[in-house]
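Chemist: Below: one structure in structure tokens.
The values are calculated or read from the model by the stated rules, or taken from the named source; none is laboratory data. Computed from a predicted model, the values in this text were never measured in an experiment. Heads up, the Cβs are rebuilt from the backbone with ideal geometry, glycines too, and the neighbour counts pull from every protein chain shown.
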Amino acid sequence: MFVHGDVGFRPIEATDLEKIRRLRNDPSTWIQLGGQDHITFEEQADWFEAIKRDRSRAYYTAFAVERDPDGTWQVEGDFLGVIRTDEIDAQNRSIRVGLDIDPGKRGHGWATKIYAALLKWIFDYRGFHRVWLMVLDTNEIARKLYLNAGFKVEGKQRRAIWRDGRWVDYVMMSILDEEYRSNA
């Protein structure tokens, strides 16, 4: 487990699958994502098996995020959400990230702490040069979080996502290692 402050993340395990499936299927989660498909238990299990089979390619990994309940990490952590990494370009040291927070844990500063831990791990321990993500233009809370973490807007895919009966822009944001270090 990678620990930074009172949050940590580790590779997902079979025992995490139902929590992740419920999180992904929650309307407050999928409404903010590029895709809206609901995930069945079988699809969640297939996804997990595909990740385990394809570790060598490192195209897609997922991490369960936990809160340290007692300050020691001696007991199982409190599930906060899931981190996704994909579009890993090892040659150019670029990686795309995403984070889904459990609805009951939102609004308490956990995403800020998780992104601080994630960026530290990616830049300081994995040696990446660039971290990027996509966010719906209507997701003002997430965009503010990313800007505060040091991400910059790179551009957008105009009217790329259909939500609530209208087209929404899909915004690309990124942070470079030198920007991360100047903010740290």
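Chemist: Can you list residue pairs whose Cβ atoms sit under 8 Å apart, with the first residue in segment 1-30 being surrounded by 13 or more Cβ atoms within 10 Å (Cβ to Cβ) and of a type in the set (Ser, Thr, Tyr) and the second being modelled with pLDDT of 90 or more and not in a strand (DSSP E or B)? Count only pairs 6 or more apart in sequence or on different chains.
Modeler: Thr29/Leu23; Thr29/Pro103
Chemist: Right, here's the next one. Quickly run through segment 82-94 and pick out the residues that are modelled with pLDDT under 95 and touching a strand residue (DSSP E or B) at 6+ places or on another chain (Cβ under 6 Å).
Modeler: If the condition is that a residue be modelled with pLDDT under 95 and touching a strand residue (DSSP E or B) at 6+ places or on another chain (Cβ under 6 Å), then Val82, Ile83, Arg84, Thr85, Asp86, Glu87, Ile88 are the ones that fit.
Chemist: Is at least one residue of segment 99-122 among the hydroxyl-bearing types (Ser, Thr, Tyr) and farther than 23 Å from Arg22 by Cα?
Modeler: At the first step, the residues of segment 99-122 found to be among the hydroxyl-bearing types (Ser, Thr, Tyr) are 112, 115.
With farther than 23 Å from Arg22 by Cα added as a condition, the list becomes none.
So far as segment 99-122 goes, no, none of its residues is among the hydroxyl-bearing types (Ser, Thr, Tyr) and farther than 23 Å from Arg22 by Cα.
Chemist: If you don't mind, another one. Tell me whether segment 16-27 contains one or more residues that are touching a helix residue (DSSP H, G or I) at 6+ places or on another chain (Cβ under 9 Å), within 21 Å of Ile114 (Cα to Cα), modelled with pLDDT under 90 and not aliphatic (A, V, I, L, M).
Modeler: yes
Chemist: From the set of residues in segment 45-80 that are of a type in the set (Val, Ile, Thr) and at pLDDT 70 or above, which is farthest from the chain's Cα centre (by Cα)? Before the answer, list the steps.
Modeler: The initial filter retains those residues of segment 45-80 that are of a type in the set (Val, Ile, Thr), namely 51, 61, 65, 72, 75.
Remaining after also requiring at pLDDT 70 or above: 51, 65.
Numbers: Ile51: 16, Val65: 10 Å.
Across segment 45-80, the extreme among qualifying residues is Ile51.
Chemist: Which of the following residues is modelled with pLDDT of 95 or more, more than 15 Å from the chain's Cα centre (by Cα), surrounded by fewer than 16 Cβ atoms within 10 Å (Cβ to Cβ) and in a strand (DSSP E or B): Val153, Val171?
Modeler: Details: Val171 fails: surrounded by fewer than 16 Cβ atoms within 10 Å (Cβ to Cβ).
Answer to the selection: Val153.
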